[in-house]
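Undergrad: My questions will all concern the structure given below.
The values are calculated or read from the model by the stated rules, or taken from the named source; none is laboratory data. As the structure is a computational prediction, the values presented were derived from the model and not from experiment. With ideal geometry, Cβ positions are generated from the backbone for all residues, glycine too; neighbour counts draw on all protein chains shown. Quick note on the areas: whole protein, heavy atoms, side chains included, nothing else; ligands and nucleic acids left out. Shrake-Rupley method; radii C 1.70, N 1.55, O 1.52, S 1.80 Å.
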Amino acid sequence: MNWTSVLLLALSTLAVSIYVDEPLLYDTFPPDFMWATATSAYQIEGGWDADGKGLSIYDVWMNDSNHVTDGTSGKVACNSYYFYEKDIEALRSLGVSYYRFSISWARVLPDGIGRINQPGIDYYKRLIAALKAANIQPMVTLYHWDLPQALELMGGWLNPSIADWFEEYARLCYTEFGNDVKYWITINEPWVIAYQGYGSGNTAPGTYGPGTFTYQAGHHIILAHAKAYRAYETQFKPTQQGKVGITVNINWYDPKDDQLENIEAAERALQFLGGWIANPIYGSGDYPDVMKQKVGDKSAQQGFNQSRLPEFTAEQKILVRGSADFFGLNYYTSYLTANKIQDISIIDYGYDQDIESYSDPTCYQSSFDWLTITPFGMRKTLQWIKDRFNDPEIIITENGISDRAGNLDDVMRVYYYKHNINSMLKAIKDGVRVTGYAAWSLMDNFEWGNGFTQKFGLFSIDFTTSDLNRTTKASARYYAKLVNDNGFMADQPCNNSPI
Ligand code: PNW
């Protein structure tokens, strides 16, 4: 045995725990693949009280500077309410065919229901018209977390009436914008709204009820989505011919080893995170069995007279099941998972799962502790969705990485996009029906509780200047090249990278 083989042997014993780049697949995407970038209203628009806009829960929450690392807020952000043409210029330079943005509910309905604010409607009409003039199609999220404060004062997502409030808002948007919008995403990331907004209370509206309100908010989100879907299906789809889906955030969970209890724990983590929302809509019409069983058993042991996980009535199951034309996926990262029986005295969605999970320390780390670079998880998540939820059409509505430096020569972001998009390409070749991809985000923006310290943009913005110009990063040039080639070219140096 020579030294090289000794070294190789040593490396191969380590290889189980060390992430190694997969070779890139040089191939192209289907010809009509939808390339996009994504943003959300509160994170970019500014104009927080312009022209009759009502307050949202984030206007209120971010008014308390203790809620934001750098004491900033989204009052101005990228000022897209006034500077949207700069956004469209940036989109044009990327060559993308779609732009995913969200409508601020309180901008069009200041009280959440009832009175319409015409200048708010006009803003989105201007934006949509300018996009279409640039040959970019809008992909619109109705709800990216910024609930009208007036509705929060009536209980927000904890009030069952929100399904009707949301339906009214959705109808208004279909009526006003539906001739030009062919892709609608009802709600972005129910998990964040329910668990962080009404569970841990870490974000707006900051309500605490991690093992109770979390599930109630989740329940009402699913019903609200379904009502908005059915409204479109029966009254708008026949003429407008668009599609409506919901966006679920799923990160991949691998078992930390091949023990059965850890393999089961990883599946359980995926079911609690993704299956919670997706199984009612894309699967059986009901919550995953493993969730019903875990939450039911624990609730009984904890002295509740019924499960903390609400039940759908027979009628609601019919309403909810099949209420989507595509599956919106936000995929960012992956974790390792183990079985861990949690303390029964703690009433919390997180503890209900009986798992522990952590990031693989051998993967590249972003500037967020929850986000390591794990492209392999993209392909696995897509396959998991196909297998569990009846092979839906999938649109990746977010995927991206943050840094704090904000350098224009953002090699880590180029690496992230290159390998995640390649992993998606492999999933498509495996037979998963992915039809679109939106990079998060078009530009650096207001990253919620992290203010302007975490930067996800393909374009950089100097937030200390008033012109807030969008400056191209290396990742934007890389993405533009990939979009233009519609795939990965084998004959190019540096794996398609222009830098
Ligand atoms: C998304 N996680 O949220 C949101 O849709 C965006 O508004 C946000 O800017 C972006 O991610 C970056 O943070 C997520 O814990 C929140 O895995 C949490 C997770 C993933 C996405």
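Undergrad: Could you sort 109-116, 28-35 so that the peptide with the highest average Cβ count within 10 Å comes first and the rest follow in order?
TA: 109-116, 28-35
Undergrad: Given 0.36 nm per residue, what is the gain on full extension from Q259 to K429 after removing their alpha carbon distance, in nm?
TA: Going from the current span to full extension adds 58.2 nm.
Undergrad: Here's a follow-up. Return one whole number: the accessible area per residue of the chain in Å², for a 1.4 Å probe.
TA: Heavy-atom accessible area per residue stands at 38 Å².
Undergrad: Now a separate question. In the chain, if the dipole is taken from +1 on Lys/Arg beta carbons and -1 on Asp/Glu beta carbons about the Cα centre, which of T464, S73, L482 is farthest to the positive end?
TA: Towards the positive end, the residue furthest out is L482.
Undergrad: Further question: I'd like the distance separating the alpha-carbon centroids of the stretch 250-266 and the stretch 465-488, in whole Å.
TA: What the calculation gives is 36 Å, centre to centre.
Undergrad: Something else: Once every DSSP H run of n ≥ 4 in the chain is given -39500 (n - 2.57) and the sum is divided by its residues, what mean residue ellipticity at 222 nm do you get, rounded to the nearest 500 deg cm²/dmol?
TA: That comes out to -11000 deg cm²/dmol.
Undergrad: Which cross-chain or sequence-distant (5 or more) residues have an amide H under 5 Å from the amide H of F327, H modelled 1.01 Å from N in plane?
TA: E393, I394, I395
Undergrad: Using R₀ = 41 Å, calculate the FRET efficiency as 1/(1 + (r/R₀)^6) where r is the Cβ-Cβ separation of Y358 and N484; round to 0.05.
TA: Efficiency, rounded to the nearest 0.05: 0.60.
Undergrad: Can you tell me the length gained on complete extension of the stretch L25 to T175, counting 0.36 nm per residue apart and subtracting the Cα distance?
TA: 49.7 nm
Undergrad: In a solvent-free Debye calculation with one equal scatterer on each Cα, what is log10 I(q)/I(0) for the chain at q = 0.10, 0.12 Å⁻¹, listed in the order of the q values?
TA: -0.75, -1.12
Undergrad: What list of ³J(HN,Hα) values in whole Hz, one per residue of the stretch 103-111 in order, does the Karplus curve 6.51 cos²θ - 1.76 cosθ + 1.60 (θ = phi - 60°) give from phi, with Gly and Pro shown as x?
TA: Rounded to whole hertz, the list is 8, 7, 3, 6, 6, 9, 10, x, 9.
Undergrad: Antiparallel versus total DSSP beta bridges in the chain: what percent is that, nearest 5?
TA: Bridges in the chain that DSSP calls antiparallel: roughly 20 percent.
Undergrad: State the answer as a single residue: which of P210, M424, H220 lies farthest towards the positive end of the charge dipole of the chain, with beta carbon charges of +1 for Lys and Arg and -1 for Asp and Glu, about the Cα centre.
TA: Among P210, M424, H220, the one farthest towards the positive end of the dipole of the chain is M424.
Undergrad: How much net charge surrounds I88 when only other residues with a Cβ under 15 Å from its Cβ are counted (Lys, Arg +1; Asp, Glu -1)?
TA: Spelling it out: positives minus negatives among the neighbours equals +2.
Undergrad: What list of ³J(HN,Hα) values in whole Hz, one per residue of the stretch 181-191 in order, does the Karplus curve 6.51 cos²θ - 1.76 cosθ + 1.60 (θ = phi - 60°) give from phi, with Gly and Pro shown as x?
TA: Per-residue couplings from phi come out as 10, 10, 10, 10, 10, 5, 9, 8, 6, x, 4 Hz.
Undergrad: Please list, in order along the stretch 464-469, the HN-Hα scalar couplings obtained from phi with the Karplus expression 6.51 cos²θ - 1.76 cosθ + 1.60 (θ = phi - 60°), rounded to whole Hz, x for Gly and Pro.
TA: Rounded to whole hertz, the list is 8, 9, 8, 7, 6, 5.
Undergrad: Which value in nm describes the separation of the simple spin-label points at D51 and Q342, placed 7 Å from the Cα toward the beta carbon?
TA: Label-label distance for D51 and Q342, simple model: 4.5 nm.
Undergrad: Between I355 and residues 5 or more places away or on another chain, which pairs have amide H atoms under 5 Å apart, with H built 1.01 Å from N, and which residues are they?
TA: Distant-sequence amide H within range of I355: K340.
Undergrad: Suppose a student asked you for the relative contact order of the chain, using Cα pairs under 8 Å spaced at least 6 residues apart; what percent would you report?
TA: Rounded, it is 18 percent for the chain.
Undergrad: A further question on this structure: Counting only protein heavy atoms and using a 1.4 Å probe, what share of the accessible area of the stretch 14-485 belongs to carbon plus sulfur, as a whole percent?
TA: In the stretch 14-485, the share of accessible area belonging to carbon and sulfur is 50 percent.
Undergrad: Give me the number: length gained by fully extending K182 to D32, i.e. 0.36 nm times residue separation minus the C-alpha to C-alpha distance, one decimal in nm.
TA: Extra length from K182 to D32 when fully extended: 52.5 nm.
Undergrad: All other residues with a Cβ under 13 Å from the Cβ of Q149 taken together, and with Lys, Arg as +1 and Asp, Glu as -1, what is their net charge?
TA: Once all neighbours under 13 Å are counted, the net charge is -3.
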